[in-house]
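Asker: Provided herewith is a single structure, encoded as structure tokens, for subsequent inquiry.
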Amino acid sequence: MFRNAFRNGLSLNHGKCRATHFPLLFHFGFKRARPMVVNQRWISGPPTPNQQNPSPIDDVAPESSSSSDGGGWKGTTFKMFESAVTTFASIAMLGLVGYSYTQYYKYLVLEKIENAFRPGDPVLELAAHVKQVPPGDIPGTGEDYDRWIPRDEQLKLDAIVCGESGGHYHLLIGEKGTGKSSMLIDAMSKIDGEGVAMFEAHADLEIFRVRLGKALDFEFHEDNIGSLFSIRGPRDASALLDIERAFNKLEKVALKRRKTVGRPLVLIINSVHLLRDDDDGRDLLELIQQRAEQWAASNLVTVVFNSDDYWVYERLKQNAARMEVTPVGDLQKDRALQALANYRMKYFNEQTPPETLEKVYDKIGGRLTYLNRVAKSKDMISMCDHICDTEKTWFLNQCWILGEEMDDDVMDQQKFASAAMVLAKALVDKEKEMESIYHHETGHILPEIPLHEARQIMTRADFIKSYDHINVFTIDSRAMVRADSVPMQNAFREICSEGGFDEHLEATLERISAIESLGRTRELTIKDLWNGGKYKITARNSKGNVDKDLTFEVLPGKKDDDDEDGV
């Protein structure tokens, strides 16, 4: 290769040549030769005969090894630092995003709960509280005529719902259908639901939790996506703990509202009697009452309980310090007649004669739900009779007694039924002893017995709550027991006045006593003595001689004189 270079007149530069000059050889010596690619390096002179071909790597090895000693460690350190900074930046960014989301989510939760108390409420939309009776259709009414009958309790409930009455929490107690929920909804409609949340209670704590969350617009952190940022969300918990969390969030919103508005929030829990009187129900009621007491003292939230049963009052009474009880009963006679006339005008656009209104009230009393049903019927008197028959049938299906022929397998149910019949008879007897059972202004006067005397009459203390729950008897806030309604008292009167009822009730009670006596008595018999059998007993002395013989036998029993006479 070097010889060809000298032939072409190329000079050497101090015995060396650049590898980049070799393409020139092909350019001048050969016309169509492909250029040869040679690594760019310096090549020393031609090798000697005893020298092997020089390795290209050996020529540059000393320089590369010397440069890698310092530069390699620096490159590795820089790469490690770069990786550490990148990892730290990624973790910091992830933590910053997660923290920002957590703070935003907490703010969003409070904002949603606060929005739940702004004007407008789904309860008002579902209730469809529309006043449809035009003014002036009924004599004596003016432009302010309303089908809604004003009650004494309405003004108090208006003050509670609008937030003017603070420092207490309230319990509304009364029979089913007396208008408790209607008055609460009417009070909410006057302020368009601003600052008020209302929901229905339920015996299942999970359903109660869902309904509370719907009323407060609180998802219980179920919509939290913090796990995407490796942030641990709220741990799985029971329904009772979730309800406690919801109350914590509500308390924060109430604190903010007190600074800006100055009025407390109102939380209405309807149908509290649907909670079971067991450990779970009592724990939930205790949790809500503790919060109600605390919020009432600080004027943050006013809790309103609405119940049909007396056991809720008994349970709350134990720890109550700021509770106010508001009893709600049937309408008095004058307002009941007015309500019936207004309902009749709404549904049929007719003016009902006062005599017909009087007959209706005499049969069903002033219960709003009954008045509404009667007003919707074309024949109001027949509807009144139907309501009375329905109440009587309900009482008989729940508490009828089976008499002397009943089987011992129905012992427990007959104890429940006979106690109810004894109490119903006591109320009817009490009614006979009253001077008057009807007032021309106030209307019906139902007989009532104190709760402790009612338990004494029944000889049972646990049945009365069950009777209250099935709407047979009712217990008011004064612990007085009476019939649940006027039709139910009419049913008591009809049943107890039937021929042979007293004897039938007495036979049932004697049969129950006999079955209980059999359960407490143990009878021992010796089969060998049946049909004239005998036992012979021989006594011997120490020598084995017979001292005496004894015969053990059973003599026939002596009959009573009544049995001999065949009576």
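Asker: For the stretch 326-434, which GluC sites (Glu not before Pro) are both in a DSSP coil and crowded by at most 11 other Cβ atoms within 10 Å? Display every interim value, and only then the final one.
Answerer: Working: sites: 350, 355, 358, 391, 404, 405, 431, 433; in loops: 350, 404, 405.
Here the sparse-neighbourhood loop sites are 350, 405.
Asker: Hey, got the dipole for the stretch 410-567? About the Cα centre, +1 on K and R Cβ, -1 on D and E Cβ, debye to the nearest 20?
Answerer: Details: 21 positive and 30 negative charges, 253 e Å.
Charge dipole, the stretch 410-567, about its Cα centre: 1220 debye, nearest 20.
Asker: Cβ under 13 Å from residue 308's Cβ, residue 308 left aside: what net charge do those residues give with Lys, Arg +1 and Asp, Glu -1? Don't skip to the end; give the middle numbers.
Answerer: Values: positive: 176, 180, 367, 465; negative: 175, 200, 309, 468, 476, 484.
Summing Lys and Arg as +1 and Asp and Glu as -1 gives -2.
Asker: Continuing with the same structure: With the cut-off at 22 Å, tell me which of the pairs 333/363; 214/249; 176/376; 190/256 have Cα atoms farther apart than that. Write out the running numbers ahead of the final one.
Answerer: Working: 333/363 12 Å; 214/249 14 Å; 176/376 19 Å; 190/256 24 Å.
As for pairs spanning more than 22 Å Cα to Cα, those are 190/256.
Asker: Roughly speaking, to the nearest percent, how much of the stretch 402-549's 1.4 Å accessible area is carbon and sulfur? List each step's numbers first, then the result.
Answerer: Working: 4300 of 8920 Å².
Here it works out to 48 percent.
Asker: Is the C-alpha gyration tensor of the stretch 362-416 telling us rounded, prolate or oblate? Criteria: a/c under 1.5 is rounded; beyond that, a/b larger than b/c is prolate, otherwise oblate.
Answerer: On the way: a/c = 4.48, a/b = 3.37, b/c = 1.33.
Prolate shape, in that a/c is at least 1.5 and a/b is the bigger ratio.
Asker: Averaged per residue, what accessible surface does the stretch 210-362 expose to a 1.4 Å probe, in Å²? Let's see the in-between values first.
Answerer: On the way: 7310 Å² over 153 residues.
Accessible surface, normalised per residue, equals 48 Å².
Asker: Another question, then. Which order do the peptides 495-502, 332-339, 108-115 take when ranked by the mean count of other beta-carbon atoms within 10 Å per residue, highest first?
Answerer: Numbers: 495-502: 11.9, 332-339: 18.9, 108-115: 16.2.
Per-residue Cβ counts within 10 Å, averaged per peptide and sorted highest first, yield 332-339, 108-115, 495-502.
Asker: Calculate the spin-label point distance for residue 105 paired with residue 82, positioning each point 7 Å from the Cα along the beta-carbon direction, and give it in nanometres.
Answerer: 3.6
Asker: How would you classify the stretch 300-439 from its alpha-carbon gyration tensor, with a ≥ b ≥ c the square roots of the eigenvalues: rounded for a/c under 1.5, else prolate if a/b is greater than b/c, otherwise oblate?
Answerer: On the way: a/c = 2.07, a/b = 1.20, b/c = 1.72.
Because a/c hits 1.5 or more and a/b fails to exceed b/c, the stretch 300-439 counts as oblate.
Asker: For the pair residue 362/residue 441, report the inter-label distance in nm, with labels modelled 7 Å from Cα in the Cβ direction.
Answerer: Reported label-point gap for residue 362 and residue 441 is 2.2 nm.
Asker: Leaving out ligands, DNA and RNA, what percent of the accessible area of the stretch 236-393 is carbon and sulfur, probe 1.4 Å? If you can, show how the numbers build up before the last one.
Answerer: Numbers: 3040 of 6930 Å².
The C+S portion of the solvent-accessible surface of the stretch 236-393 is 44 percent.
Asker: How large is ³J(HN,Hα), in whole Hz, for each residue of the stretch 104-111 in order, when computed from phi with the Karplus curve 6.51 cos²θ - 1.76 cosθ + 1.60 and θ = phi - 60°, using x for Gly and Pro?
Answerer: Couplings: 5, 5, 4, 5, 5, 4, 5, 5 Hz.
Asker: So, for the stretch 364-436, what is the accessible surface per residue at a probe of 1.4 Å, expressed in square angstrom? Could the numbers behind the result be given before it?
Answerer: On the way: 3640 Å² over 73 residues.
I get 50 Å² per residue for this part.
The values are calculated or read from the model by the stated rules, or taken from the named source; none is laboratory data. Only a predicted model underlies this, so the values are computations on that prediction, with no experimental measurement involved. Quick reminder, even Gly has a Cβ in these numbers, built from the backbone with ideal geometry, and neighbours come from all protein chains shown. Each accessible area value is taken on the protein alone, full model and side chains, heavy atoms only, with ligands, DNA and RNA left out. Shrake-Rupley method; radii C 1.70, N 1.55, O 1.52, S 1.80 Å.
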